[in-house]
Amino acid sequence: MSTSLLPDTAAVAAGRLGVGGVALGDLAARHGTPLLVYDEATLHNRARAYREGLRAYPGPSRLAFACKAQSSVALLRVLLEEGLGMDVASEGELAFALAAGTPGDLLVVHGNNKSDADVAAALAAGAGLLVVDHDGELDQVERLAAAAGRVQPVLVRVNPAIDADTHRKIATGHAASKFGLAGGEAAAALRRAGSLEHVRPMGLHVHLGSQIASVDTYLEAAAWLAAFIDREGLGDLPLLDLGGGLAIAYADGDRAPDVRAAVAATAAGVAEQLGRRGLPAPGLILEPGRSIAGPAGVTLYTVGAIKTTAAGVTYAAVDGGMADNPRPAMYGARYRAFAVDRADAASTQAYAIAGKHCESGDVLIEAAELPELRPGDVIALAATGAYTSTMASTYNGLPRPAAVMVAGGEERVVVARETVADLLARER
Ligand SMILES: Cc1ncc(COP(=O)(O)O)c(C=O)c1O
């Protein structure tokens, strides 16, 4: 059995699939399902791969993990240990980053429609950078920073009108995207920021989208940015933030760049493009999310109903679905499943892995090749560490899953299972 889609520590012993030295079947028995399992070693490895890739950059560089991908406090703490800062996109995400112990100066605050509460929380936290997404936000930041007695360093998000090769719903740098300002407007916003008493312009931010498999897309952005910075005379700004977006492999045959090589190529590309124009290398920031947390996670489900329809589709229904992982329903995302206690058994059948929600679109995998399943079997979906729990809902009154972190043969619960009582607690 190939473990390439699974976390780095995945191994099969006596037919049982384990991660972090713990059998997944045992985790399911001890903690119930659905259960998110994070492999601490994979988080460390991927954070280090980013850091090593950035050594190709001649200037200073740093990383801010995109908390929207995964905001479990325990997971953020692991990444803080690796020296990463945090990219947050709301007052709520900021609270998770602070709960993990993120120092204010390592915070990068995003949002295309920040409320006063979002901005005030960022100011109160002493956020190192706030990324301005539209011109009116400068006035908002000026007003609130004045009230807080602070000068807020800002980046301005520019939209380079580059069509990244990814799903339309997660492409953010194309001309029709709701994010950022078009070139001329971004340059004007940076100039205006310089005239405000409580705002300090620090540089540009670009985020092209997510699940981007081609490094060429980043090199195209680097070339565009260098030309833009040159044309607009922005070469003296100290920072350049290239956002996140690197793709990961979800299913057999997926193209996923090697993190270290892709980051090194991108960093070298930025320096080269700027150098060609005689521009210095500003401090480079990257904001990875999916490519750090995604491969570190698997989700365990228990199989319940199994049936074959008149059309010949065999469904295996699991005890979760589109509420704990909306990605297949939202963008047709694909996943690979493993039968955790028969990991060595040959795949003999294709199952549609359905959830238990009241929608026909509640199908996690259209055709999963697996050994014959029986009710009670536990299956693992690989690469579910990003954009699952942070996007989860409680549709059909299903409480959200628990999460455990595994390392060195031990597990610890890092997110408690939600209960029906929790769901009722907000009702009046
Ligand atoms: C501004 C910004 N930075 C970083 C990211 C992280 O992207 P990814 O998880 O694809 O690395 C996102 C996600 O869309 C984002 O909006």
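The values are calculated or read from the model by the stated rules, or taken from the named source; none is laboratory data. The model shown is predicted, which means the values in this text are computed figures rather than measured ones. FYI the Cβ positions are ideal-geometry reconstructions off the backbone, even for glycines, and counts take in every protein chain you see.
Determine whether ASN45 is of a type in the set (S, T, N, Q), touching a residue at least 60 places away in the same chain (Cβ under 8 Å), assigned by TED's automatic domain parsing to the domain that holds GLY289 and touching an Asp or Glu at 6+ places or on another chain (Cβ under 6 Å). Talk me through it step by step, then tell me what you get.
On the way: of a type in the set (S, T, N, Q): yes; touching a residue at least 60 places away in the same chain (Cβ under 8 Å): no; assigned by TED's automatic domain parsing to the domain that holds GLY289: yes; touching an Asp or Glu at 6+ places or on another chain (Cβ under 6 Å): yes.
No.
Any idea which of (1) part of a loop (DSSP other than H, G, I, E, B); (2) away from the ligand (no atom under 16 Å from the Cβ); (3) under 18 Å from the mean Cα position of the chain (by Cα) is the one ALA333 doesn't satisfy? Among (1) part of a loop (DSSP other than H, G, I, E, B); (2) away from the ligand (no atom under 16 Å from the Cβ); (3) under 18 Å from the mean Cα position of the chain (by Cα), the lone unmet condition for ALA333 is (2). Among the residues making up the stretch 323-347, those that are touching a Leu at 6+ places or on another chain (Cβ under 8 Å) and either of a type outside the set (Gly, Ala, Ser) or free of Cβ contacts under 8 Å to residues at least 24 places away in the same chain (or both) are ASP324, ASN325, PRO328, TYR335, ARG336, PHE338, VAL340, ASP341. The criterion of at least 3 residues that are surrounded by 21 or more Cβ atoms within 10 Å (Cβ to Cβ) and among the aliphatic types (A, V, I, L, M) is met by the following strands (runs of 3 or more DSSP E) wholly inside the stretch 345-405: 363-370, 378-382. Only one entry of LEU79, LEU54 meets the criterion of being more than 18 Å from GLY126 (Cβ to Cβ) and more than 16 Å from the chain's Cα centre (by Cα), and that entry is LEU54. Of the candidates VAL78, VAL132, the single residue that is of a type in the set (A, V, I, L, M, F, W, C), surrounded by 20 or more Cβ atoms within 10 Å (Cβ to Cβ), closer than 18 Å to ASP241 by Cβ and assigned by TED's automatic domain parsing to the domain that holds LEU190 is VAL132.
Determine if the stretch 281-302 includes at least one residue that is in the same structural domain as ARG400 (by TED's automatic domain parsing), surrounded by fewer than 24 Cβ atoms within 10 Å (Cβ to Cβ) and out of contact with any Leu (no Cβ under 7 Å at 6 or more places or on another chain). Yes, that holds for at least one residue. Being in contact with a Leu (Cβ under 8 Å, 6 or more places away or on another chain) and in a strand (DSSP E or B) is the filter here; which residues of the stretch 63-76 pass it? Correct list: LEU63, ALA64, PHE65.
Scanning the stretch 226-241 for residues that are among the hydrophobic types (A, V, I, L, M, F, W, C), in contact with a strand residue (DSSP E or B) (Cβ under 9 Å, 6 or more places away or on another chain) and surrounded by fewer than 23 Cβ atoms within 10 Å (Cβ to Cβ) turns up PHE228, LEU234, LEU237, LEU239. Is the stretch 191-199 home to any residue that is at pLDDT 95 or above, out of contact with any Phe, Trp or Tyr (no Cβ under 9 Å at 6 or more places or on another chain), surrounded by fewer than 21 Cβ atoms within 10 Å (Cβ to Cβ) and closer than 19 Å to ALA89 by Cα? Within the stretch 191-199 (the criterion being at pLDDT 95 or above, out of contact with any Phe, Trp or Tyr (no Cβ under 9 Å at 6 or more places or on another chain), surrounded by fewer than 21 Cβ atoms within 10 Å (Cβ to Cβ) and closer than 19 Å to ALA89 by Cα), the answer is no, since none of the residues qualifies. Just one of (1) within 16 Å of the ligand (Cβ to nearest atom); (2) modelled with pLDDT of 95 or more; (3) among the acidic types (Asp, Glu) fails for ASP319. It is (1). Listed by position, the strands (runs of 3 or more DSSP E) enclosed by the stretch 101-159 that each have at least 1 residues that are at pLDDT below 95 and in contact with a helix residue (DSSP H, G or I) (Cβ under 8 Å, 6 or more places away or on another chain) are 152-159.
Please work out which residue is nearest to the ligand (Cβ to nearest atom), limiting yourself to the stretch 77-100 and to residues that are assigned to a helix (DSSP H, G or I) and within 20 Å of VAL141 (Cα to Cα).
Residues of the stretch 77-100 that are assigned to a helix (DSSP H, G or I), as a first pass: 77-81, 91-99.
Those left that are additionally within 20 Å of VAL141 (Cα to Cα): 91-95.
Values: GLU91: 16, GLY92: 15, GLU93: 11, LEU94: 14, ALA95: 18 Å.
Top of the filtered list is GLU93.
Mind listing just one residue for me: the one in the stretch 48-70 that is hydrophobic (A, V, I, L, M, F, W, C) and touching a Gly at 6+ places or on another chain (Cβ under 8 Å) and, of those, surrounded by the most Cβ atoms within 10 Å (Cβ to Cβ)?
Filtering the stretch 48-70 for residues hydrophobic (A, V, I, L, M, F, W, C) gives 49, 54, 56, 63-67, 69.
Add one more test, that the residue is touching a Gly at 6+ places or on another chain (Cβ under 8 Å), and what stays is 63-67, 69.
On the way: LEU63: 26, ALA64: 28, PHE65: 34, ALA66: 31, CYS67: 29, ALA69: 25.
Taking the candidates together, the pick is PHE65.
Could you go through the stretch 418-425 and let me know if any residue there is at positive phi and assigned to a loop (DSSP other than H, G, I, E, B). Scanning the stretch 418-425, I find no residue that is at positive phi and assigned to a loop (DSSP other than H, G, I, E, B), so the answer is no.
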